[in-house]
Amino acid sequence: ADKLPHCWAVPKYVKYYVTEYGMVSGEEAMMSEILERGPITCELATPNDFCFGYTGGIYHDPDNATDVDHDVEVVGWGADPQTGEKYWQIRN
């Protein structure tokens with residue numbers, strides 16, 4: 001049987017209205033925008049193991065996917081205390 005998660009319709013959703021929008025590019029600009037105005041949207045190339053198998057931690061794409069096909073909200077950033085590896089905190 002198919003063990004992959006399935007999508008479903010949201011029965012009731014909240015509407016948000018945009019009063020301003022723009023583009024940012026680069027790590028420093030993204031951090032500044034998040035600090036000044038809150039979360040930003042970011043496009044990702046998402047392989048299937050990310051979409052259907054990611055459960056937490058710093059994700060590493062083994063295939064170096066390039067087909068941009070998913071948007072997420074970037075809400076913060078950090079660095080692993082043991083390795084110093086930088087990461088973005090996102091929500092789907």
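Does the range 67-82 contain any residue that is at pLDDT below 95, within 15 Å of the chain's Cα centre (by Cα) and among the small types (Gly, Ala, Ser)?
no
For the range 40-84, what are the residues that are farther than 19 Å from His6 by Cα and hydrophobic (A, V, I, L, M, F, W, C)?
Hits for the range 40-84 are Ile40, Cys42, Leu44, Ala45, Ile58, Ala65, Val68, Val74, Val75, Trp77, Ala79.
Out of the residues in the range 10-40 meeting the condition of being exposed (fewer than 10 other Cβ atoms within 10 Å of the Cβ) and hydroxyl-bearing (Ser, Thr, Tyr), tell me which one is nearest to Trp77 (Cα to Cα).
Ser25
Can you tell me which residue in the range 41-58 is least open to solvent (accessible area, probe 1.4 Å), limited to those that are of a type in the set (Ser, Thr, Tyr) and under 12 Å from Asn92 (Cβ atoms)? Give the steps one after another, and end with the answer.
Filtering the range 41-58 down to residues of a type in the set (Ser, Thr, Tyr) leaves 41, 46, 54-55.
Now narrow it down to the ones that are under 12 Å from Asn92 (Cβ atoms): 41, 46, 54.
Numbers: Thr41: 107, Thr46: 14, Tyr54: 98 Å².
In this case the residue turns out to be Thr46.
With (1) among the aliphatic types (A, V, I, L, M); (2) at pLDDT 90 or above; (3) open to solvent by 100 Å² or more (accessible area, probe 1.4 Å) as the list, and Ala1 as the residue in question, which single condition is left unmet?
(2)
Give the residues of the range 37-91 that are of a type in the set (S, T, N, Q) and under 30 Å from Val18 (Cβ atoms), sorted by residue number. Don't jump to the end; show me each part of the working.
Pass one, the range 37-91, residues of a type in the set (S, T, N, Q): 41, 46, 48, 55, 64, 66, 82-83, 89.
Hits for the range 37-91 are Thr41, Thr46, Thr66, Gln89.
Give the range 59-83 a look and list any residue that's touching a Pro at 6+ places or on another chain (Cβ under 8 Å) and surrounded by 12 or more Cβ atoms within 10 Å (Cβ to Cβ), or say none.
Scanning the range 59-83 gives Asp61, Ala65, Glu73, Val74, Val75.
The values are calculated or read from the model by the stated rules, or taken from the named source; none is laboratory data. In this text the structure is predicted, and so the values were computed from the model without any measurement. For neighbour counting, all protein chains shown are included, and Cβ atoms are generated from backbone atoms with ideal geometry for every residue, glycine included. SASA here: full protein model, heavy atoms, side chains in, ligands and nucleic acids out. Shrake-Rupley method; radii C 1.70, N 1.55, O 1.52, S 1.80 Å.
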